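The values are calculated or read from the model by the stated rules, or taken from the named source; none is laboratory data. No experiment lies behind these values; they were computed from the predicted model shown. All Cβ positions, even for glycine, are placed from backbone atoms using ideal geometry, and neighbour counts span all protein chains on display.
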Amino acid sequence: MKNSIPALTRREFTKTALLSGAAATTLGTRILAADAPARRIRTGVIGCGRVSNLYLPVLSHSPFVEVVSLCDIRPEKARQQGERFKISNTYPDIDSMLKGVPFDFLIVLTDMQEHEQLNRRGIEAGKHVWSEKPIANTLRVGQELLRMARARGVQLWGAPITVQSPQFAFMSRTLRSGALGRVAAAHAFYGHEGPNWSAFFYEKLGGSMPDLGVYNFTSLTGLLGPVKSVTAMLSIVTPERTVDDKGRIRVTEEDNAMVLMEHADGVLSHVQSGFNYFNPNGHTGENEDRHTIQITGSKGYMGLVGYDWEPLGVDLATKEKPNLTRHQTHAEGYIWQQGAVLAAESLSTGRKLLVTPEQALHVLEIITAARKSQATGRRIRLTSTFDWPLAV
């Protein structure tokens, strides 16, 4: 009898694994038998909180990853995830982890304030690093980390991976085709009512921009090119919050941001993000049907349906075809949680990613420039850049 299970691409398998859990294991065995990778990358994950619940299912089903150790400053969290995903080596701190079972690839999923020092420790130890956003707290330190990584012959990557989606590819190709004519302006937004599980979102070096706006900054710079200058207004709308880990806290970082960006050739874009945005679709934005990214030119308009981290399609209208038509409604296996898996695939096979540390650092400079603009009331010129256009 012929096998009735259809062939899957690696990305389709990743999506299936996340959605189907253990049911995807049989499929994974058959895929591996037919298409075994050169090697599985020995991986350590630090940070076993909420985000690890989204990363570890994808990592554990990837043909390119072998998770060999887990670490969390709350040792019980690491042990719980170790039991759940059958990972026997767990550690209470980065020092113990680096001295423990050998691994080559460090994935950092901790509070954002800790990324900088943990990424440094990983690079110093000769590990490749995938970091949740942001890579660092300042452009200067981020560039230093990248120089260190290159000097040691290791890779450094950072979330988010919105430029890897097929919807991003469609929008990028449409822009490069000239279908929108002379591009003039773009707008993007992302917000919800704010996380309630941890104080770090609202404390120093937290805020809505590195948590939410970072997605839109990545998408717009990927579509329109590097930013030359930034002007911003930031505010705190809700000065006190109640969160699970600390109770009642004072908010010290922006929970409301409006950022205006100047790209090349007169193109202007605007991003708004915040922790005070009611969304009828809830925190996850499922079934979001609004255009969360809008791009307007002299001959056309294009809108991304749904959030750029989980896009649902692209609507396009031009002078020749003025009625909005929807394109690229299939995810083709793309999920935002697969960034570290794509990095492991790159380490295993040499396949290059569209995600680069240079763009992640440029986005970091946009965030720090927006804060400087708010503090000084001035327009802030940027110094960083990245290779563009992206080769979608």
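Worth pointing out:
Table: residues versus (1) in contact with a Gly (Cβ under 9 Å, 6 or more places away or on another chain); (2) within 30 Å of THR218 (Cα to Cα).
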position: ARG84; (1), (2): no, no
position: THR90; (1), (2): yes, no
position: GLN113; (1), (2): yes, yes
position: LEU118; (1), (2): yes, yes
position: ALA159; (1), (2): yes, yes
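- Residue in the range 330-342 that is of a type in the set (Gly, Ala, Ser), part of a loop (DSSP other than H, G, I, E, B) and either out of contact with any strand residue (DSSP E or B) (no Cβ under 9 Å at 6 or more places or on another chain) or in the same structural domain as GLU193 (by TED's automatic domain parsing) (or both) present: yes
- Residue in the range 279-302 that is over 24 Å from ALA159 (Cβ atoms), of a type in the set (A, V, I, L, M, F, W, C), assigned by TED's automatic domain parsing to the domain that holds VAL237 and modelled with pLDDT of 95 or more present: yes
- Considering the range 150-163, and only residues there that are without any contact (Cβ under 8 Å) to a residue 40 or more places away in the chain and in a helix (DSSP H, G or I), the residue that is farthest from the chain's Cα centre (by Cα) turns out to be ALA151.
- Check on SER96, hydroxyl-bearing (Ser, Thr, Tyr), in a helix (DSSP H, G or I) and within 27 Å of VAL392 (Cβ to Cβ): no
- Residue check for ALA370: within 19 Å of the chain's Cα centre (by Cα) and among the small types (Gly, Ala, Ser): no
- A single member of GLY126, GLY47, GLY142, GLY122 is buried (at least 20 other Cβ atoms within 10 Å of the Cβ) and at positive phi, and it is GLY47.
- Condition met for GLY213 (crowded, with 19+ Cβ neighbours inside 10 Å and touching an Asp or Glu at 6+ places or on another chain (Cβ under 8 Å)): no
- The range 344-375, residues that are part of a helix (DSSP H, G or I) and free of Cβ contacts under 8 Å to residues at least 40 places away in the same chain: LYS372, ALA375
- Candidates in the range 285-319 are the residues that are under 16 Å from HIS270 (Cα atoms) and β-branched (Val, Ile, Thr); of these, the one that is farthest from the chain's Cα centre (by Cα) is THR296.
- Check on HIS192, in contact with a strand residue (DSSP E or B) (Cβ under 6 Å, 6 or more places away or on another chain), closer than 23 Å to ALA257 by Cα and outside the structural domain of LEU56 (by TED's automatic domain parsing): no
- Looking only at residues of the range 187-216 that are small (Gly, Ala, Ser) and out of contact with any helix residue (DSSP H, G or I) (no Cβ under 9 Å at 6 or more places or on another chain), we find that the one that is nearest to TRP336 (Cα to Cα) is SER198.
- Of the criteria (1) touching a Leu at 6+ places or on another chain (Cβ under 9 Å); (2) surrounded by 16 or more Cβ atoms within 10 Å (Cβ to Cβ); (3) at pLDDT 95 or above, which one GLN272 fails: (1)
- The set of residues in the range 280-298 being surrounded by fewer than 14 Cβ atoms within 10 Å (Cβ to Cβ) and within 17 Å of SER177 (Cα to Cα) consists of SER298 alone.
- Listed by position, the strands (runs of 3 or more DSSP E) inside the range 207-255 whose residues that are over 19 Å from ARG381 (Cα atoms) number at least 3 are 240-243, 247-250.
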